[in-house]
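The values are calculated or read from the model by the stated rules, or taken from the named source; none is laboratory data. Bear in mind that the values here come from a model prediction, so they are computed numbers and not experimental data. Every residue, glycine as well, gets a Cβ built from its backbone with ideal geometry; the counts of neighbours run over all protein chains shown.
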Amino acid sequence: MPDREEGPTGPASAVGGTSRRVRALFVTLGALAVLGMAFVMFSGFWTDWLWYRSVRFTSVFTVTCRARLGLFTVFGLVMAVAVGLNVHLAHRLRPPLGAMSAEQESLDRYRLGIAPFRTWLLVAVCAVVGLIAGASAAGQWRTWLLYEHAVPFGTKDPRFGLDVSFYTFDLPWYRFLLGFGFAAVLLCLMVSALTHYLYGGLRLTTPGGARATAAATGHLSVLMGLFLSLKAVAYWLDRYGLAVKGGGFAAVPGWSGLRYVDADAYLPAKTILCCIAIICALLFFATLWRRTWSLPVLGLGLMALSAILIGGLYPAIVQKFQVQPDEAAKEAPYLQKNIDATRAAYGIATTKETAYPGTAASSVSATKLRADAAGAADVPLLDPDLTAPAFQQAQAGSGSYAFDSPLSVGRTPASGGTERETVVGVRELNPDAVPRDDWVDDHLRYTHGYGLVTADADTTTDTGAPVFTTGGTGADTLAQPRVYYGEQTTQYAIVGGPTPELDETAGPGGKGYHYTGGSGVSLADPLTRAAYAIQLGQPRLLYSDVDKNSRILYDRTPQQRVRAVAPWLTVDGDPYPAVVGGHLEWIVDGYTTSDDYPYSSRTTLGDPAADGDDSDGTTAASGGQVDYVRDAVKATVDAYTGQVRLYQWDTTDPVLKTWMRAYPGTVRPKSAIPADLVSHLRYPTDLFTVQRQMLTRYHVTDAADFFSGDQELRVPDDPAKKGSGGIQPTYLDVRLPGSTTQRYSLTSPLTPAGRTTLGGYLAVDSDATSPGYGTLTLLRTPAGGAGPGPAQVHDRLTTDTGVAAQIGALRRGGSDVEYGEQVAVPLDGGMLYAEPVYVRGAGADAALLKKVLVAYGNRTALDDTLGRSLDDLFGTTTSGTPPPAATGASQAVRQALADAQRAYDAGQKALKAGDWTAYGTAQRQLGEALRRASGAASDTGTPAPTS
């Protein structure tokens, strides 16, 4: 029986149909995988766009993306086309097959193997190198924007007479172009040589050595000529690069600029090498006609030898035999340029240096010293670090709230139109204290902090605890006390949805709240939810407790938000809170920086090690080297809405002007700063710290004195915190010599290099409403120092018999003694020091202020309050009479203490009831009563209950 043929509906067709379905399935799965990968890549771009739109800074996103995309496209295409054209040209210039050697015939299998895929292989190679080159170029968007929008400095460098903007804006871009050119030519040279070899243009095993066809010789010679032309340009730019070259001068750490050997050896050497490179390039170009590499190779050898002799050996000889025998005289002109440029670049050129004795004249009476001490400064005694646990214990309320440590310092209005120094804490959400490790609790319920707490910086209760002037919720000063954006809000939150947010102000029982601030990104769109689910790695965003009213808040710290909307700023590491127009605002200082200011020495902005501080901490710049810095922008971040505002502060800074041209409309003019915001602005600590470090050397303006180092100063270590590094600057209202009034200033004592005596005192006017804001004043003591320095004063806690006995008594019962920030105040030619002494009881979390150490010259006193310590120190009161024995209290003191007791009882009652408004009122009444008691005690000689 004959075999039966299957028809169209038989088994064969069934197999074919199955095969088609399998192929369709694989095609579908492949398409879905491609779409999935595309969506993953798109989700990052989409969420970034949504975030910038939510903060109303879309122009930052578009300008940055346009710059990155433009650089990626242009340089990626240039590299891809350059490589492709050279490979194509090398292939076109291949010799006939009959002319190939036996060596080349052995490559037939490789040529035949790639022949069917030659076009696709070329496209793939060009695409890969184009993508790599484009990605590298896209990272240079800052360099491009600075070059494109450059604003001149109006200052010329002393060697070449070029505007400083050439070095800060133009030269970095030229260096990038040069580096890209080198990479392109070298890559083209390699792929061209490989192609010529593969197709017979280059031979390696012929008799007599390597051989190349005339076409290959001409092609590769042109590429070598281009490489050497770029090398000539590099040598020429290196001449200007010497003005910003760092290192090489051991006598001056961070040195930048030309030295004697640079000007007299390296500079002419670079010029000569540039000329030699041009000649070598012309010799390689000439091979298009001569068809031989003999002369070009000879020129290349001559160039290498010249680089060794002229560029290396000759400068070393000059340094050894001309500079070293008389280094001070030879380097003096270049040191002077470095001094002038460094002082200008760091804003310290206008520092007012004043001679200061360092010790009081013997003719100054104790009565005058005591009277002058009362008005010399408002000394802050509450240490922001040691006081944080007391804030936490008394004001945190629920365990889910916490205060950042160290606390901030600020100023609040007081009676008579004056301002009082305060310690400020924001009651933020503490993610580590959320009761359950649950996604809903972490991101939907525990979403925000609540309120602001302030305490007088120079006053405590009779137990040594802070006197809170604003406590509880802060509702009496804040229109909206909830804190959704703060220093501790490091995780995202989803608000406005069906899950009520925990809004407790005290204790575990709290009421629900739904955010109405309008910030964040809406999650109403399923596509947006899917994008965030991918970016955050949290699929629950697609189905759990999220609806059309939900909004996601992220990038919630003040620094994160300012960095995002102004990626060209270096953000200060210490934002501080202030109540502005009834709103809690975070104030952030933004610096413009450069590391290409000619002749200016480099240092690290915000790095504690740059100031002798080895401690950890969030600071500016994160270790980035700079040689130019300006406090250019004051930024604010609303603690409830997260709204970011950038205000121009330095109206003369060319770097800021350049960025404002690149990102128009993002920075508001200085005239737009609200008046009630200006009153809270202050001179930033990070900037003062780096200026202080530079002034330890660069307060000397004469090159000879600078080189000797005899007048060099040092930032002393913090005597109270061993191993923590440089002493922290202190904000205080202080009256400097020659002034009749106190001025809010940021201050720091200095010591001579290698000694612990007093070497100087640096202060900067920190009152933003003052015409003299930013004026640096250096009180300079005689060479070698005069009077005790911070470490010597602190050591008296253990070396002075009477003081040491009192400290020992404080340690009884297992208590720990801790020391607060030491404050130095100029007084009648000498330096008055005050150092608070805290006691932390056994098992206690909070330390309480118990004593105040004061020192002046060789005198030392330790008592319960600053006023009594000063009385003991000088042996007289502010009225000029000896301090009487504390045998009783006047009627005024008794009345004030009675009022204080009533206020304290009312505060405790309000605390138990959770009435934070009443508690804050009682705390203010308590503080006022204690101040009255202190004043009355000073008049009568009664021991004062406050500091």
Checklist outcome for this item: Taking region 652-679 and keeping only residues that are under 21 Å from the mean Cα position of the chain (by Cα) and in a loop (DSSP other than H, G, I, E, B), one is left with D653, Y663, T666, V667
Next on the checklist: Of the conditions (1) in contact with a His (Cβ under 6 Å, 6 or more places away or on another chain); (2) assigned to a helix (DSSP H, G or I), P719 satisfies every one except a single condition; which number is it?
Outcome noted: (2)
Next on the checklist: Suppose we filter T287, T292 for residues that are over 41 Å from the mean Cα position of the chain (by Cα), more than 30 Å from F706 (Cβ to Cβ) and not in a helix (DSSP H, G or I); which single one remains?
Outcome noted: T292
Next on the checklist: over 30 Å from P315 (Cα atoms) and touching a residue at least 60 places away in the same chain (Cβ under 8 Å): which single residue out of V252, V261, V222, V244 fits that description?
Outcome noted: V222
Item to check | helices (runs of 4 or more DSSP H) wholly inside region 310-415 that include at least 2 residues being in contact with a Leu (Cβ under 9 Å, 6 or more places away or on another chain), within 16 Å of V426 (Cβ to Cβ) and not β-branched (V, I, T) | outcome: 388-395
Next on the checklist: Out of the strands (runs of 3 or more DSSP E) lying entirely within region 760-834, which hold 1 or more residues that are without any contact (Cβ under 8 Å) to a residue 40 or more places away in the chain and not β-branched (V, I, T)?
Outcome noted: 760-765, 816-819
Checklist entry - So is G358 more than 29 Å from the chain's Cα centre (by Cα) and within 30 Å of D432 (Cβ to Cβ) or not? => result no
Checklist entry - Does region 660-673 include one or more residues that are crowded, with 23+ Cβ neighbours inside 10 Å and either at pLDDT below 95 or of a type in the set (A, V, I, L, M, F, W, C) (or both)? => result yes
Checklist entry - Within region 242-292, which residues are loosely packed, with under 14 Cβ neighbours inside 10 Å, within 19 Å of V626 (Cβ to Cβ) and out of contact with any Phe, Trp or Tyr (no Cβ under 7 Å at 6 or more places or on another chain)? => result P253
Next on the checklist: Checking the condition over 30 Å from M831 (Cβ atoms) and either under 28 Å from the mean Cα position of the chain (by Cα) or not polar (S, T, N, Q) (or both), which residue from P389, P380 passes?
Outcome noted: P389
Next on the checklist: For the condition in the same structural domain as K231 (by TED's automatic domain parsing), surrounded by fewer than 18 Cβ atoms within 10 Å (Cβ to Cβ) and in contact with a Cys (Cβ under 9 Å, 6 or more places away or on another chain), what is the one hit in L313, L302, L309?
Outcome noted: L302
Checklist entry - Listed residues G709, G725; which is of a type outside the set (A, V, I, L, M) and farther than 30 Å from R259 by Cα? => result G725
Item to check | Out of Q393, Q322, sole residue that is in contact (Cβ under 8 Å) with a residue 60 or more places away in the chain, closer than 25 Å to V483 by Cβ and surrounded by fewer than 18 Cβ atoms within 10 Å (Cβ to Cβ) | outcome: Q393
Next on the checklist: Being on the phi > 0 side of the Ramachandran plot and either surrounded by fewer than 17 Cβ atoms within 10 Å (Cβ to Cβ) or at pLDDT 90 or above (or both): is that true of G830 here?
Outcome noted: no
Item to check | Sole residue being crowded, with 19+ Cβ neighbours inside 10 Å and over 32 Å from the mean Cα position of the chain (by Cα), chosen from T777, T781 | outcome: T781
Checklist entry - Out of region 717-734, which residues are over 23 Å from the mean Cα position of the chain (by Cα) and either closer than 27 Å to Q324 by Cα or surrounded by 19 or more Cβ atoms within 10 Å (Cβ to Cβ) (or both)? => result P719, A720, L732, D733, V734
Checklist outcome for this item: Listed by first then second residue, the pairs whose first member lies in region 684-700 and is in contact (Cβ under 8 Å) with a residue 40 or more places away in the chain, whose partner is in a helix (DSSP H, G or I) and hydrophobic (A, V, I, L, M, F, W, C), with beta carbons under 6 Å and at least 6 positions apart or on separate chains, are Q693/A610; V700/F706
Item to check | Residue pairs meeting the criteria (Cβ under 9 Å; at least 6 apart or on separate chains; first assigned to a loop (DSSP other than H, G, I, E, B) and surrounded by fewer than 17 Cβ atoms within 10 Å (Cβ to Cβ), in region 475-493; second at pLDDT 90 or above and basic (K, R)) | outcome: T490/R556; Q491/R556
Checklist entry - Among T741, T747, which is in contact (Cβ under 8 Å) with a residue 40 or more places away in the chain and either surrounded by fewer than 21 Cβ atoms within 10 Å (Cβ to Cβ) or part of a strand (DSSP E or B) (or both)? => result T747
Next on the checklist: Given the criterion part of a helix (DSSP H, G or I) and not small (G, A, S), identify the matching residue among D441, D437.
Outcome noted: D441
Checklist entry - List, please: which pairs have Cβ atoms under 9 Å, are six or more places apart or on different chains, and start with a residue in region 593-614 that is over 23 Å from A753 (Cβ atoms) and acidic (D, E) and end with one that is in a loop (DSSP other than H, G, I, E, B) and modelled with pLDDT under 90? => result D595/G624
Checklist entry - Quick check: is even one residue across region 478-493 acidic (D, E) and farther than 21 Å from Q559 by Cα? => result no
Checklist entry - With respect to E327, is the statement that it is in contact with a Lys or Arg (Cβ under 8 Å, 6 or more places away or on another chain), among the charged types (D, E, K, R) and at pLDDT below 90 true? => result no
Next on the checklist: Condition (residue is surrounded by fewer than 20 Cβ atoms within 10 Å (Cβ to Cβ), within 29 Å of P577 (Cβ to Cβ), free of Cβ contacts under 8 Å to residues at least 40 places away in the same chain and touching a strand residue (DSSP E or B) at 6+ places or on another chain (Cβ under 6 Å)) applied to region 547-562: is it met by at least one residue?
Outcome noted: no
